[in-house]
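J.: Provided herewith is a single structure, encoded as structure tokens, for subsequent inquiry.
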Amino acid sequence: MEPGEPGEPGEAVWGRRGEGALGGRGLLELAVASGVAAWATWAALLMPGFRRVPLRLQVPYQPSGPRQVANALALLRGRSGKTVDLGSGDGRLVVEAYKQGLSPAVGYELNPWLLCLSNYRAWKAGYHGKVSFLKKDLWKVNLSDCYNVIVFLAPSVKPPLAAKLLAELPDEARVVAGRFPFPSWTPTSTLGQGLEQVWAYDMKKVRQAAQSSAEGRPV
């Protein structure tokens, strides 16, 4: 039997090696295709609206869990006045805020797909026309009439956002931050642990602390 003919042991070994190489290549192609598909989904559904926002101020969508929502609203219990969610995503915090009696309840979001999802969520809950979801850049919205502000945003945007909130919010306002605290502020209260932790900041106390720090007095 000549080498290379069917039945030759060397042929069987080389055949198996070839199959293994093809299998590895197939897995690589599958991984690349999956990555491209994930990017295409992001580009189509989650990226719209970000193009006009500076990169350092962009915040990717990450839905809040049930416990995060419950903890945030627990720190707003008993309060009143206009309530806003900055970067409201799929609208769940706004809907739950209205359900708790906070009105008006408004969400600011740039992504049109998430705005559609938010309005669907409000309609499904029976609150269509009672809550608002506006396609507005949170950095350009005037917050001077807001008394309850919900902020589930990345740590990178907290310092510039803190400056905006200090400049615009009334003394009676309360800010509730989820996932990450404001690094330079001392919270009035906090609830939860780990990723479910939320922090409440009363603007009057935040301003008093900032003024004392500027004057060199102990807080």
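J.: Evaluate E = 1/(1 + (r/R0)^6) for residue 168 and residue 202, where r is the Cβ-Cβ distance and R0 equals 22 Å; express this FRET efficiency to the nearest 0.05.
T.: It comes to 0.90.
J.: Might you work out the accessible area of residue 157 for me, using a 1.4 Å probe with all protein chains in place, and round it to the nearest 10 Å²?
T.: 0 Å²
J.: Which one of 98, 213, 126 is farthest out on the positive end of the charge dipole of the range 62-219, using unit charges on Cβ (Lys, Arg +1; Asp, Glu -1) and the Cα centre as origin?
T.: It is 126.
J.: Ok, one more. Dipole size in debye (nearest 20) for the range 134-212 around its Cα centre, Lys and Arg Cβ +1, Asp and Glu Cβ -1?
T.: 180 debye
J.: Mind giving me the FRET efficiency for residue 188 and residue 135? R0 is 30 Å, r the Cβ-Cβ distance, nearest 0.05 is fine.
T.: Calculated value: 0.40.
J.: How big is the range 70-200 by the Kirkwood estimate over distinct Cα pairs, in Å?
T.: 14.7 Å
J.: For the range 147-153, in order, what is each residue's ³J(HN,Hα) by Karplus, 6.51 cos²θ - 1.76 cosθ + 1.60 with θ = phi - 60°, in whole Hz (x at glycine and Pro)?
T.: For the range 147-153, the Karplus curve yields 10, 9, 10, 9, 9, 10, 10 Hz.
J.: How many angstrom lie between the C-alpha centres of the range 172-217 and the range 76-131?
T.: 23 Å
J.: How big, on average over all directions, is the shadow cast by the Cα convex hull of the range 75-129, in nm²?
T.: Spelled out: convex hull of the Cα atoms, projected over all directions, averaged, 3.5 nm².
J.: I would also like to ask the following. What is the Rg over Rh value, at two decimals, for the range 103-177, using alpha-carbon atoms and the Kirkwood definition of Rh?
T.: Across the range 103-177, the Cα-based Rg/Rh ratio is 0.99.
J.: Return the subset of 99/140; 135/158; 135/205; 130/158 for which the Cα-Cα distance in this structure is over 23 Å, preserving the input order.
T.: 99/140; 135/205; 130/158
J.: In cubic angstrom, how much convex hull volume per residue do the alpha carbon atoms of the range 144-219 span?
T.: Taking only Cα atoms, the range 144-219 has a hull volume of 89 Å³ per residue.
J.: Given the Cα-Cα distance of residue 74 and residue 210 and 0.36 nm per residue of separation, how much length would full extension add, in nm?
T.: 46.3 nm
J.: With a sphere of radius 11 Å drawn around the Cβ of residue 125, what net charge do the other residues whose Cβ falls strictly inside it have (Lys, Arg +1; Asp, Glu -1)?
T.: +4
J.: Once you list every other residue whose beta carbon is under 14 Å from the beta carbon of residue 104, what net charge do they have if Lys and Arg are +1 and Asp and Glu are -1?
T.: +2
The values are calculated or read from the model by the stated rules, or taken from the named source; none is laboratory data. Computed from a predicted model, the values in this text were never measured in an experiment. Neighbour counts run over all protein chains shown; Cβ positions are idealised from the backbone, glycine included. All accessible areas refer to the heavy atoms of the entire protein, side chains included, with ligands and DNA or RNA removed. Shrake-Rupley method; radii C 1.70, N 1.55, O 1.52, S 1.80 Å.
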